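The next block holds one structure in the form of structure tokens; read it before the comments.
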Amino acid sequence: MESYPPFVLFDCGLTRFALGKYCSNLRELLEAMRTVPDPVLEHHLVRCVLDDHFELNEFPNDLARWCWEGLGDQVLAEQLGLLDPYQSGGLAAVRATIVDAVEDRLWTIERVPWCRPGRELHLVQSRVIAYDSDERFTTPAALAEAFPRISLRSLFYHVHEAHWRGDGKSDDFSSWLEVAGAKPEMVRQWRSVDFYFRNLTQLRHEYMAIFRQHLPESQAAVSG
Amino acid sequence: MGLLDRYEEVVGHQEVRRLRHLAERVAGKRIVHVNSTRTGGGVAEILGWMVPLFNELGLETRWEVIAGPPDFYRVTKSFHNAIQGLPVNLKRGDFELHNEVNRQNAERLNLEADAVFVHDPQPGYLPHFTPKGRVKRWVWRCHIDAARPNRAVWKYLEKAVPMYDATIFSMAAFARPLPRPMFIIPPSIDPLSDKNCPIPEAERLETLGRHGIDADRPLLLQVSRFDRFKDPLGVIDAFRLLKPYYPELQLVLAGGSADDDPEGAEVLKEVMERAGSEKDLKVLLLPPDAHRTINALQRSATIILQKSLREGFGLTVTEALWKGKPVIGGATGGIALQIHDYQTGFLVYSPAGAAYRVRYLLRYADKRQRMGKIGHEFVKEHFLLVRHLRDYLKVLLYLDHPGMETLVV
């Protein structure tokens, strides 16, 4: 029987940094999107899922959320909500798309939307600090069994962060499941999950459903 | 049983284990926290649990308190107000006094450590007077909303910032551009403290009885200082708008005694006048240690209000959500981070808005229950002290490995 290494579970957390800068209106958002350093954009698009935001938010990124809730610009919010930074060919391309969308919106509206005082978009940058949780899984069934209790932060690290740091095509779980002999259909199904548009709890449930389907003997089958 | 083990029943064994694991990366460091008082106030409350828990996590942690003459505290109280943007009248001599007291304390206190966390502006100039090499890293922890400070005071405090390695603010919205990294660490609540722990049903009912509150009728509650920014008059107005539709409704405004706060006493007087002789409206003046009373009131409320016009983080909202209550709050400061329409409560912009949302929630018990559940989980994930500890550990890790790329330790 072919041997393979165990799955090494990492936990992680964000260290968030305030810039002391904020946007109050759409023009300021455009300027910010043109000039902020990459880690700021990365935070508001990708890492914000790990922020202390409310998980049941409507949109997967801060920009769409702020346009909807702060500016009341539903049209732009819908447009930015559809943006998928993992499928957009890198951060420079994402930035260009956002700048284009905001600029285009500014051309078409009569008045520049402003937010109420207190509802500004405060610019933040962040850094992921990851560490070995000391948990190891030697079989897909063992991973399935533990899946309901791994932290949402671990899920972020092994899915979102894995896509960001890798080739953007796979996450740590499915890469390991593949070498651990999981059925190709299971791996395919896992990779087809639209992870960016799910919050982390929804994502966990979705993966647990895949475990239940393919490894019905695992505990995920009953605890989901 | 260790102190941290007690939290396992709240956040789970795994979560405490993960915290211990993270702490191993910085274990053995010598940490000092410095503030200006050992009792009273939010900072002392935080350090009261943080210092022993840091020690249990393997960090050699001490808590030092600066000392100064009464005039020093008058000056630092003015600093506090000035950082929040209130007008203050300070003279050159006041700044000199602040400097001198910091110099004396730098000589007096044992600050030798790998990292010193300086809380708020009172001890802000300690790094300036501490011999080089005694402290490896200085971190200034600002607990105050510094978004719109008084210029003169901020200019004075800002001069101390380059002596620090980093700063910490509670929310991005509370920070101003500074030449050092500005970490964001929101405050947290202790789920096992008297204010937040589960309490026996008999004690809850006894508390209601003692204050003349009917346990069988719906109860609205706002817990806050008698301060205009908390809009207690707006809450009374909202209650009056509701009373014709819900004659059985009760309102309790609970806050601390305002004896030592001239403005608080004035607001309290206005509140009493507006409340009049309405028997279902109670204004409770509670002593500073009435944590269990507040706990019982929050657990008894049908809906909790925090109708602030201006707010810091709004920990009373966090406490209410933790107790599974829907919250109706003013759309300001940290309240807007915690309340999400139709999910954990409602953000409102006027007394009429508050009345409208209360009417909705009184009508639907199932929605109140659902919101309470979501709010409790939200707080559990983000605003309990375990997360707070984790954030401080990450600051220490960052200081050892600065940079913006993902750090794997």
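In table form, for the structure just shown:
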read-out	value
Pairs where the first residue, in the stretch A:105-117, is in the same structural domain as A:L76 (by TED's automatic domain parsing) and the second is at pLDDT below 95, C-beta under 7 Å, 6+ apart	A:C115/A:G70
Unique match (being farther than 23 Å from B:G329 by Cα and surrounded by 17 or more Cβ atoms within 10 Å (Cβ to Cβ)) among B:L208, B:L297	B:L208
Residue in the stretch B:74-96 that is acidic (D, E), outside any loop (DSSP other than H, G, I, E, B) and either out of contact with any helix residue (DSSP H, G or I) (no Cβ under 6 Å at 6 or more places or on another chain) or not assigned by TED's automatic domain parsing to the domain that holds B:I31 (or both) present	yes
B:A173 vs. criteria within 14 Å of another protein chain (Cβ to nearest Cβ) and part of a helix (DSSP H, G or I)	yes
Unique match (being within 14 Å of chain B (Cβ to nearest Cβ) and either closer than 29 Å to A:S154 by Cα or in contact (Cβ under 8 Å) with a residue 12 or more places away in the chain (or both)) among A:G70, A:G81	A:G70
Flag for B:K307 being more than 20 Å from B:G256 (Cβ to Cβ), touching a residue at least 12 places away in the same chain (Cβ under 8 Å) and in contact with a strand residue (DSSP E or B) (Cβ under 6 Å, 6 or more places away or on another chain)	no
Lone unmet requirement of (1) under 21 Å from A:L45 (Cβ atoms); (2) in contact (Cβ under 8 Å) with a residue 60 or more places away in the chain for A:D171	(2)
Helices (runs of 4 or more DSSP H) fully within the stretch A:70-160 counting 2 or more residues that are within 23 Å of A:M208 (Cβ to Cβ) and in contact with a strand residue (DSSP E or B) (Cβ under 7 Å, 6 or more places away or on another chain)	A:140-146, A:152-156
Residues satisfying the stated conditions in the stretch B:53-63, i.e. under 23 Å from the mean Cα position of the chain (by Cα) and either over 16 Å from B:V116 (Cα atoms) or of a type in the set (V, I, T) (or both)	B:L53, B:T61
Strands (runs of 3 or more DSSP E) lying entirely in the stretch B:282-388 (those with 2 or more residues that are within 23 Å of B:D216 (Cα to Cα))	B:303-306, B:327-330
Per-region count, the stretch B:373-393, residues free of Cβ contacts under 8 Å to residues at least 40 places away in the same chain and facing another protein chain (nearest Cβ under 8 Å)	2
Matching residues, the stretch A:46-95, being under 18 Å from B:A172 (Cα atoms) and acidic (D, E)	A:D51, A:D52, A:D62, A:E69
Exclusive hit being within 26 Å of B:T130 (Cα to Cα), within 14 Å of chain A (Cβ to nearest Cβ) and buried (at least 17 other Cβ atoms within 10 Å of the Cβ), set B:V16, B:V65, B:V26, B:V34	B:V26
Candidates B:G28, B:G2 - the one that is out of contact with any strand residue (DSSP E or B) (no Cβ under 9 Å at 6 or more places or on another chain), touching a residue at least 24 places away in the same chain (Cβ under 8 Å) and not β-branched (V, I, T)	B:G2
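Results for (1) among the aliphatic types (A, V, I, L, M); (2) within 13 Å of chain A (Cβ to nearest Cβ), shown as yes or no for each residue.
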position	(1), (2)
B:K307	no, no
B:V348	yes, yes
B:L361	yes, no
B:Y364	no, no
B:M371	yes, yes
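The values are calculated or read from the model by the stated rules, or taken from the named source; none is laboratory data. Computed from a predicted model, the values in this text were never measured in an experiment. Positions of Cβ are generated from backbone atoms using ideal geometry, with glycine treated the same way; all protein chains shown enter the neighbour counts.
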